[in-house]
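The values are calculated or read from the model by the stated rules, or taken from the named source; none is laboratory data. For clarity, every value in this text was computed on a predicted model and none was experimentally measured. Cβ placement follows ideal geometry from the backbone for every residue including glycine, while neighbour counts extend to all protein chains displayed. Heads up: the accessible areas ignore ligands, DNA and RNA and are worked out on the full protein's heavy atoms, side chains in. Shrake-Rupley method; radii C 1.70, N 1.55, O 1.52, S 1.80 Å.
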Amino acid sequence: MAIVVFDIGKTNIKLSLVENGEIRQTVSTPDRAVQGAPYPHIDVEGIWSFLLRGLRDLTQVAAISDIVVVAHGAAGALVDAAGDLALPVLDYEMPIEGTAYDELAAPFSETFSPPMAGGLNLGRQIHWQATHFPAEFARVRYILPYAQYWSYRLSGVASSEVTSLGCHTGLWQPAAGDFSSFVDRMGWRHLFASLRKAEDVLGPVLPEICALTGLPADCRVRVGIHDSSASFLRHRLSRPAPFAVASTGTWVVCMAAGASVDGLPAESCLANVDVLGQPVPVCTFMGGREYAGLTNGAASLQPAAQDAASVIAAGDMLVPPVGQFGGPFGGKERGPDVPPRNPAENAARASLYLALMTDYCLDLIKAKGPVVIEGSLVGNALYLGALATLRAPADLLVSEDATGTISGAAQLAGQKLAPLSRRVAALDLPLGQYRQKWREALPA
């Protein structure tokens, strides 16, 4: 039997068929926000149509036994008693201002959720929606994390889950394994469905969906999981700590296994919660989005080591923050403008920036041991080689399948994809001095 992983990212949405430990087929579509009233929001019905079409096609390829949903953590659904959305699912890139959330939020020492830009704190989103749309919020029966919303639409069974609740939402306190004091302060505890494990079976796919897609009546829907936690999962289960994982896509999410959250800097880091309920030190920056902007649409261009050597020799570097969501430098004054170079050197400079930022984030979370890179940046050889140089003597490993979220999610339904990886060789470039000058230029 085969399983389907429904992976909902901020930039792309993917539906993957996994069978006998291999990804047999993947279909994808862009994830586009709707800019209309009542506020910028996710095109939920467009995603639903894509899901039904994809499931209909994949049922022609294999018999599907399970569906596992993976989703980013900066979204949630407010669902009424009829199962409909009481309000649209907010797009986290919308600026949220004029809110008392920061005064009401639980402290970082409780949730390990720092104040973040826009709607990246799900608690901030919900507070804004409740404040600005009180009549609609009064109809809410369930507050569902994003992955569990889609599992609910497939199965009709509502649930909550720790990796989705524990990723910079402000809604969860990892040490207690319970909802945060903010949730109780707002009187929302009763709006969250029963806590279930990510691998738990909610039930079969709803009959009307089976009729539309051709799925078998006994196809199971799992609770689902937060995307970065899915990338972390297969390594957590197969590799001894300490080690680190950098899951790359729209965001670069650095996670340190075996590191303590004690002393984690609140102004630049956070903690996720893994499937076992344990906090994992995390530092993020919007690397994929920033790289696309820095390369002026030439993100597929592969810069060579000699391009990087020219950039280094000129002392040319990108100092953060370079985008709207500054990661550990959020809220700081934007870095100085740099002169344009030829396309290959622009891409080399941007790749070096990604490597320097990843290295810096790993240091902030006190990562030790080998570093595993997964996701979209595994194809950028210069980024990988530069990061291998910066992290030496620790090994830098790169996943050969580039699909950590899918592989991790598949394990929840009993499909084990081995974490195949290869070691990346360091580059013969003077990156030590370049890093020192870059760090000296960082905003205080």
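How many of the residues making up segment 176-197 are of a type in the set (D, E, K, R) and under 21 Å from S151 (Cα atoms)? Number of matching residues: 3.
The residue list A394, A409 contains one member that is in a loop (DSSP other than H, G, I, E, B), at pLDDT 90 or above and either within 22 Å of V18 (Cα to Cα) or aliphatic (A, V, I, L, M) (or both), which is A394.
Here segment 414-444 is the region considered, the condition is being open to solvent by less than 20 Å² (accessible area, probe 1.4 Å) and of a type in the set (A, V, I, L, M), and the residue that is nearest to S16 (Cα to Cα) is L417. For segment 151-162, the condition holds for at least one residue, the condition being that it is modelled with pLDDT of 95 or more, assigned to a strand (DSSP E or B) and open to solvent by less than 10 Å² (accessible area, probe 1.4 Å).
So that you can scan it fast, the table gives a plain yes or no per residue for (1) surrounded by fewer than 20 Cβ atoms within 10 Å (Cβ to Cβ); (2) in contact (Cβ under 8 Å) with a residue 60 or more places away in the chain; (3) small (G, A, S):
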{"position": "K10", "(1), (2), (3)": "no, yes, no"}
{"position": "S16", "(1), (2), (3)": "no, yes, yes"}
{"position": "Q25", "(1), (2), (3)": "yes, no, no"}
{"position": "D43", "(1), (2), (3)": "yes, no, no"}
{"position": "R53", "(1), (2), (3)": "yes, no, no"}
{"position": "S65", "(1), (2), (3)": "yes, yes, yes"}
{"position": "V70", "(1), (2), (3)": "no, yes, no"}
{"position": "G76", "(1), (2), (3)": "no, yes, yes"}
{"position": "A105", "(1), (2), (3)": "no, yes, yes"}
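Listed by first and then second residue, the pairs with beta-carbon distance under 7 Å, at least 6 apart or on different chains, first residue in segment 289-306 and within 15 Å of T248 (Cβ to Cβ) and open to solvent by less than 50 Å² (accessible area, probe 1.4 Å), second assigned to a loop (DSSP other than H, G, I, E, B) and among the aromatic types (F, W, Y), form an empty list. Of A135, A130, all but one fail to be open to solvent by 40 Å² or more (accessible area, probe 1.4 Å) and not in a loop (DSSP other than H, G, I, E, B); the exception is A135.
Among the numbered conditions (1) of a type in the set (A, V, I, L, M); (2) modelled with pLDDT under 95; (3) under 30 Å from L52 (Cβ atoms), the only one that A175 does not meet is (3). Taken over segment 257-282, the residue count meeting the criterion of being more than 23 Å from E199 (Cβ to Cβ), in contact with a Leu (Cβ under 6 Å, 6 or more places away or on another chain) and part of a strand (DSSP E or B) is 1. Considering only segment 357-377, state which residues are of a type in the set (D, E, K, R), under 19 Å from L431 (Cα atoms) and open to solvent by less than 10 Å² (accessible area, probe 1.4 Å). Matches in segment 357-377: D359 only.
Test E45 against the criterion of being of a type in the set (D, E) and closer than 30 Å to L120 by Cβ, and give yes or no. So E45 passes the test. In segment 6-24 there is no residue that is closer than 21 Å to M286 by Cα, among the small types (G, A, S) and touching a strand residue (DSSP E or B) at 6+ places or on another chain (Cβ under 6 Å).
Listed here are the strands (runs of 3 or more DSSP E) enclosed by segment 178-249 that have at least 2 residues being surrounded by fewer than 16 Cβ atoms within 10 Å (Cβ to Cβ) and in contact with a Cys (Cβ under 6 Å, 6 or more places away or on another chain), and there are none. On inspection, A444 passes the criterion of being aliphatic (A, V, I, L, M), free of Cβ contacts under 8 Å to residues at least 12 places away in the same chain and either out of contact with any Leu (no Cβ under 6 Å at 6 or more places or on another chain) or not in a helix (DSSP H, G or I) (or both). Only one of the listed residues (D337, D363) is free of Cβ contacts under 8 Å to residues at least 24 places away in the same chain and farther than 22 Å from G385 by Cβ. That residue is D337. Residue-level check: of (1) on the phi > 0 side of the Ramachandran plot; (2) in contact with a Phe, Trp or Tyr (Cβ under 8 Å, 6 or more places away or on another chain); (3) not aromatic (F, W, Y), G408 misses just (1).
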